[in-house]
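Worksheet: the structure to be examined is printed underneath.
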Amino acid sequence: MSTMRIFQELKPSLSLRNWASSSIRKHLFGEESATIKELCQMTMDSDGEYSSLLLAARILNAFERLGDEERSDFFEILNNDYDLDIEALKEVVAQYEINPNARMLDQLTRTAEPRRQELLRRLNLAPEGTRRLVKVRESLLKHKKQNPELGRTDNDFRHLFGAWFNRGFLLMQPIDWTTPAHILEKIIAYEAVHEIGSWRELRRRLEPEDRHCYAFFHPSMEDEPLVFVEVALTESVPSKITEVLDDGRKEIAPEDASCAIFYSISNCHTGLAGVSFGNFLIKQVATSLKQRFPQLKKFVTISPAPGFRSWLQQQAIENPEIATIVEQCKNQPDENTQSRLSQLAASYYLEQKTPRDEPLDPVARFHLKNGAMLDRINPLADQSEKGQQQSFGLMVNYVYDLAKVEENHEAYMKDHQIVCSNQVRKLLAK
């Protein structure tokens, strides 16, 4: 029996309405009896797991019917009515200082937690509660842009999702042309790096023996990939994305490949932003491929530079030379312009930092944090409209050296050290 089938059989087989007596159904499923605010309080006051489960279903049903303004009001309720009780916390801290025993520590821990975390745990009991709460957070993130104070509530979502989507619960599954169609449809829909325009194009990425795709799944969302990575087995490291995706490319036998190229990684759910899966997935896929094809020597990405063009245009405002380069890049840049573009890209990756002393580029932060090395800068690597809009077509290669990823990861996490090749470092000196 497949793992996916096992997941499906873990679903509840009986409807909540069938479990409840007529009197309980009238109280718990009555549409007119309570507002969503009152339902939340009823849930927190409930002592029974069964009644909490039914109330949780009502709350999520009600939320899904709310309009945008009503959802904003609901998030305000979570943010303010279910926040920390500061006075109670001060009192328990004082008591713990006097009597630091196990019972007082337990009370302190519970008091130090915002009440909305317990409310969210109870909502998770509803049918498909985890999946639906991911959608709730997706809505929350939109409202947070207008109301940063909702960050307190978002912190609790992220904290709980970090536990619920712990790596120990995730299952890596290969995706190929025989995968059920409803999952393949989601691969097409969720592809975030290089758009998949048709089923024929998807087939070109999944069916050949030198093409692979892997995804993480979670038991509570068994037919929803959380993140997936697409891999090409090649004889050399590509400097252009067309070397990987070109319709007329020559296929090779997997045993003849020396490189595994990670050319696309896509997170599938906005509501899981900030919950890291991709770092685990890339390393696990690399390890799995090495075991399957021991002749593989290099594990490399060909990655976009989504912030490079906007940064370059900002520099052009006060720098006439860069302004000229920007104008030339809008057409077909000559070799000198490409060379200068690579030098500017080296500065962008190695010298330009966020207020937290991290690289400006989000893709760079992801791979460097995972322990990769910035290996090569490739101008004119992606001539698609999206590639032009992101970076004037510039892409980069990151190398995952399985023997050094942990060392590189530690260097980045401790000191934000950017591990790069001499080839990239020398561009700064030109």
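The values are calculated or read from the model by the stated rules, or taken from the named source; none is laboratory data. Keep in mind it's a predicted model, so treat the numbers as computed, not measured. Every residue, glycine among them, receives a Cβ derived from its backbone with ideal geometry; neighbour counts consider all protein chains shown.
Is segment 322-335 home to any residue that is over 29 Å from Gly162 (Cβ atoms), under 26 Å from the mean Cα position of the chain (by Cα) and not assigned by TED's automatic domain parsing to the domain that holds Arg158? Scanning segment 322-335, I find no residue that is over 29 Å from Gly162 (Cβ atoms), under 26 Å from the mean Cα position of the chain (by Cα) and not assigned by TED's automatic domain parsing to the domain that holds Arg158, so the answer is no. The set of residues in segment 284-302 that are surrounded by fewer than 19 Cβ atoms within 10 Å (Cβ to Cβ) and closer than 28 Å to Ala189 by Cβ comprises Gln284, Ser288. In this structure, Arg365 does not satisfy being surrounded by 14 or more Cβ atoms within 10 Å (Cβ to Cβ) and either under 16 Å from Ile302 (Cβ atoms) or out of contact with any Pro (no Cβ under 6 Å at 6 or more places or on another chain) (or both).
Residue count for segment 141-183 under the criterion of being part of a helix (DSSP H, G or I) and not aliphatic (A, V, I, L, M): the result is 23. Exactly one residue out of Pro225, Pro180, Pro174, Pro219 is under 21 Å from Leu272 (Cβ atoms), surrounded by fewer than 17 Cβ atoms within 10 Å (Cβ to Cβ) and not small (Gly, Ala, Ser): that is Pro219. Checking Glu335, Glu251 one by one, the residue that is farther than 28 Å from Tyr400 by Cα and acidic (Asp, Glu) is Glu335 and no other.
In segment 144-151 there is at least one residue that is out of contact with any strand residue (DSSP E or B) (no Cβ under 6 Å at 6 or more places or on another chain), assigned by TED's automatic domain parsing to the domain that holds Gln41 and more than 29 Å from Lys90 (Cβ to Cβ). Every condition in (1) buried (at least 20 other Cβ atoms within 10 Å of the Cβ); (2) without any contact (Cβ under 8 Å) to a residue 12 or more places away in the chain holds for Asn336 except the one numbered (1). Counting the residues of segment 18-40 that are at pLDDT 90 or above and either within 32 Å of the chain's Cα centre (by Cα) or not assigned by TED's automatic domain parsing to the domain that holds Gly129 (or both) gives 4. From the list Gln343, Gln313, the one residue that fits, being under 30 Å from Glu407 (Cβ atoms), in a helix (DSSP H, G or I) and not assigned by TED's automatic domain parsing to the domain that holds Tyr214, is Gln343. Residues in segment 241-270 that are farther than 20 Å from Pro306 by Cβ, touching a helix residue (DSSP H, G or I) at 6+ places or on another chain (Cβ under 9 Å), of a type outside the set (Asp, Glu) and surrounded by fewer than 20 Cβ atoms within 10 Å (Cβ to Cβ): Arg249, Pro254.
For segment 127-162, a residue qualifies if it is among the small types (Gly, Ala, Ser) and modelled with pLDDT under 95, and exactly one does: Gly162. Of everything in segment 220-245 that is in a loop (DSSP other than H, G, I, E, B) and within 21 Å of Tyr190 (Cα to Cα), the residue that is nearest to the chain's Cα centre (by Cα) is Leu226.
Scanning segment 391-423 for residues that are assigned to a helix (DSSP H, G or I) and either among the aromatic types (Phe, Trp, Tyr) or more than 23 Å from Asn279 (Cα to Cα) (or both) gives Ser391, Tyr412, Asn422, Gln423. Lys90 falls short of the stated requirement of being among the basic types (Lys, Arg) and under 24 Å from the mean Cα position of the chain (by Cα). Candidates in segment 186-219 are the residues that are over 23 Å from Thr234 (Cβ atoms) and not in a strand (DSSP E or B); of these, the one that is modelled with the lowest pLDDT is Pro219.
Residues in segment 216-242 that are farther than 17 Å from Ile282 by Cβ and free of Cβ contacts under 8 Å to residues at least 60 places away in the same chain: 2 in all.
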